[in-house]
Amino acid sequence: MSLLAVSNLSVQFEGRAGTVPVLDHIDLEINTGEQVALIGESGCGKTVFGMSVMRLLPSNARVTGSARYAGRDLILADEREMQQVRGKKIAMISQNSAFALNPVLTIGDQIAEPLTLHTSCRGNDLHREVIALLTSLGIERPEENMQKYPHQFSGGMRERILIAMALACNPDLIIADEPTSGLDALVKAQILELLRTVMQDRTLLLITHDLGTASALASHTAVMYAGEIVEYGPTQDLFTYPLHPYTQGLIAASPSAGFHPIPGVSPAPGQVPSGCWFCPRCSCAMDRCSTVHPSLKKTGTNRQVRCLRYD
């Protein structure tokens, strides 16, 4: 059953230099209990997509299309409606825990905030709930640590605190934006194992450039390039038999595959080439790839690819 259905979602930012498109006609569906990863190079629009669903983009953003959650179009919802959705129905684990947490509030107060806003939990019950969340996420001495401030914790512990805040109200969907970014290998492994445990029966949208994180946590993966989806499918199938040359390049560029970077750079927003947007970097481009822009097409059971070679 579809929990979040995004259709024809486009995002543009208006500035002094004019209108800059960032996302182009994105279609993505997440079913209840499904874990979907959105992967791609930095700057391809992954975070903008997550912020669009949460309606957290700045005022100069222009969003079209729809993002239907439980039958409600979040793009059309007013701010009062969204305040009832954020944290309670859809929660976000923001990237960079050092900036995502409020430096002047204790972690206990920050974990308690969504519970105070969205539930009737107060007093001793609220205190016990915060303690239980901290304990379940492996934060030792919760009574003591809930009185501390974010700067008193390591990056890994701050990430656990963000996860606790996201889980506080038992939301239907969690959006995790680069949850392992900036962590060393040992701490990253610990956070991945924690996320694998707590997200096992939950609905997750994972935003990451790390293929290992996507492989460990996601049942399905969508690949984004220059603001559009270029491939989608079950994670294991997509990583074992990648169909799009860009996906093949991402896998070849990973450390486990020998680190062979994709030649060239992604186009800047609003400066995509004619034809296939990946064509200037593609080693198997045909003549018509420079003039014909491919559509996203089904190539089999639950797989899609945007490539003229699969038309």
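So how much slack lies between residue 193 and residue 292, counting 0.36 nm per residue of separation and subtracting their Cα-Cα distance, in nm?
My answer for the length gained is 31.3 nm.
Taking 45 Å as R0, compute the FRET efficiency from the Cβ-Cβ separation of residue 109 and residue 64 and round it to 0.05.
Efficiency, rounded to the nearest 0.05: 0.75.
Normalised by the number of residues in region 85-177, what is the relative contact order in percent for Cα pairs under 8 Å and 6+ residues apart?
Relative contact order comes out at 54 percent.
What is the sum of charges, Lys and Arg at +1 and Asp and Glu at -1, for the other residues whose Cβ falls under 13 Å from the Cβ of residue 60?
+1
If amide hydrogens are placed 1.01 Å from N in the peptide plane, which non-local residues have theirs closer than 5 Å to the one on residue 207?
38, 176, 177, 178
Between 71, 227, 18, which gets the highest mean-square fluctuation from a Gaussian network model of the chain, Cα cutoff 10 Å?
Comparing 71, 227, 18 in the GNM, the peak value goes to 18.
If I compute Rg and Dmax of the Cα atoms in Å from the structure I just sent, which labelled value in (i) 20.0, 61; (ii) 20.2, 69; (iii) 18.3, 63 lines up?
(ii)
Using a 10 angstrom cutoff on alpha carbons, build the Gaussian network for the chain and name the most mobile of 176, 218, 77.
Of 176, 218, 77, the most mobile in the Gaussian network model is 77.
Got a sec to turn the phi values of region 281-291 into Karplus ³J(HN,Hα) couplings, 6.51 cos²θ - 1.76 cosθ + 1.60 with θ = phi - 60°, whole Hz, x for Gly and Pro?
10, 8, 7, 10, 6, 9, 4, 6, 5, 7, 10
For residue 256 paired with residue 309, estimate the spin-label separation in nm (one decimal), with each label point 7 Å from Cα along the Cα-to-Cβ line.
Distance between the two pseudo-spin positions: 2.3 nm.
Expected output is a single nm value to one decimal: the length gained when fully extending between residue 78 and residue 154, i.e. 0.36 nm times separation in residues minus the C-alpha distance. What is it?
Between residue 78 and residue 154, full extension yields 23.6 nm more.
Check residue 31: other-chain or 5+ apart residues with amide H under 5 Å from its amide H, H built from backbone geometry?
Answer set, sorted by chain and number: 3.
In whole Hz, with x marking every Gly and Pro, tabulate ³J(HN,Hα) for region 140-149 from phi via Karplus 6.51 cos²θ - 1.76 cosθ + 1.60, θ = phi - 60°.
With coefficients 6.51, -1.76 and 1.60, one gets 6, 6, x, 4, 6, 6, 5, 8, 8, 9 Hz.
Round to a whole number: what % of the accessible area of the chain belongs to carbon and sulfur, probe 1.4 Å?
Carbon and sulfur: 51 percent of the exposed surface of the chain.
Could you sort out which of 188/298; 188/297; 46/88; 88/148 sit more than 32 Å apart by Cα distance in this structure?
The answer is 188/298; 188/297.
Taking Cα atoms of region 264-311, Rg/Rh with Kirkwood Rh, to two decimals?
Using Cα coordinates only, the ratio equals 1.00.
Under a 10 Å cutoff between Cα atoms, tell me which one of 296, 133, 56 has the largest fluctuation in the Gaussian network model of the chain.
Between 296, 133, 56, it is 56 that shows the largest mean-square fluctuation.
In whole Hz, what ³J(HN,Hα) sequence does region 164-175 give by Karplus (6.51, -1.76, 1.60; θ = phi - 60°), x for Gly and Pro?
4, 5, 5, 7, 3, 9, 6, x, 6, 9, 10, 9
Counting only heavy atoms of protein chains, what accessible area per residue, in Å², does the chain have with a probe of 1.4 Å?
48
The values are calculated or read from the model by the stated rules, or taken from the named source; none is laboratory data. Everything quoted here is computed from the prediction, not taken from an experiment. No Cβ is skipped: glycine too gets one built from the backbone with ideal geometry, and neighbour counts run over all protein chains shown. Heads up: the accessible areas ignore ligands, DNA and RNA and are worked out on the full protein's heavy atoms, side chains in. Shrake-Rupley method; radii C 1.70, N 1.55, O 1.52, S 1.80 Å.
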